[in-house]
Amino acid sequence: MESHKRILAILYIVSGSFQLLIFGGLSVFLSVLFPLIASEAGANDAWILELLGWALPGLFWILILLFAVPSIVGGIALLQQRSWALTLLLIMGCFKLFSFPIGTALGVYTIWVYAEVTKK
């Protein structure tokens, strides 16, 4: 069962890193794109673009803090055999169930590992 816990930890570190890369890249892209579009828009339309220019990148940073960072921290903690790590990854796995198809597979695998570990 230790090998499954190790695989799960590595999968969460990789998954969280990809989320961090994608959400961070989208945040930077949108924070550059919206001010450029706002500078070309008329005075009446520029305010909504400026609002979106800070709201959407902020949303992506919130997603990073809620999903990517706990996945990476939980994966590292599970590699270090912390007692709370598997519980954190179970919570993250429940959220990942909604991310079809890879997140769903990772969520199901997380639930299976948790069930096997707690069965003993």
Quiz prompt | Flag for ILE76 being closer than 27 Å to VAL117 by Cα and either out of contact with any His (no Cβ under 6 Å at 6 or more places or on another chain) or exposed (fewer than 15 other Cβ atoms within 10 Å of the Cβ) (or both) | solution = yes
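Yes/no matrix, rows are residues, columns are (1) within 21 Å of VAL14 (Cα to Cα); (2) among the aromatic types (Phe, Trp, Tyr):
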| site | (1), (2) |
| --- | --- |
| GLY42 | no, no |
| ASP45 | no, no |
| ILE48 | no, no |
| LEU59 | no, no |
| VAL69 | yes, no |
| LEU90 | yes, no |
| PHE100 | yes, yes |
| THR104 | yes, no |
| GLY107 | yes, no |
Exercise. Could you please find all residues in segment 1-19 being closer than 15 Å to GLY103 by Cα, surrounded by fewer than 17 Cβ atoms within 10 Å (Cβ to Cβ), touching a residue at least 40 places away in the same chain (Cβ under 8 Å) and not β-branched (Val, Ile, Thr)?
Key: SER17
Quiz item: Scanning segment 39-50 for residues that are among the hydrophobic types (A, V, I, L, M, F, W, C) and part of a loop (DSSP other than H, G, I, E, B), which turns out nearest to the chain's Cα centre (by Cα)?
Solution: ALA41
Quiz item: Going by the conditions given, is GLU40 surrounded by 14 or more Cβ atoms within 10 Å (Cβ to Cβ) and among the acidic types (Asp, Glu)?
Solution: no
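Readers should treat all values here as calculations from the given coordinates under stated rules, not as data from a laboratory. Computed from a predicted model, the values in this text were never measured in an experiment. Cβ atoms come from the backbone with ideal geometry, glycine included; neighbour counts cover every protein chain shown.
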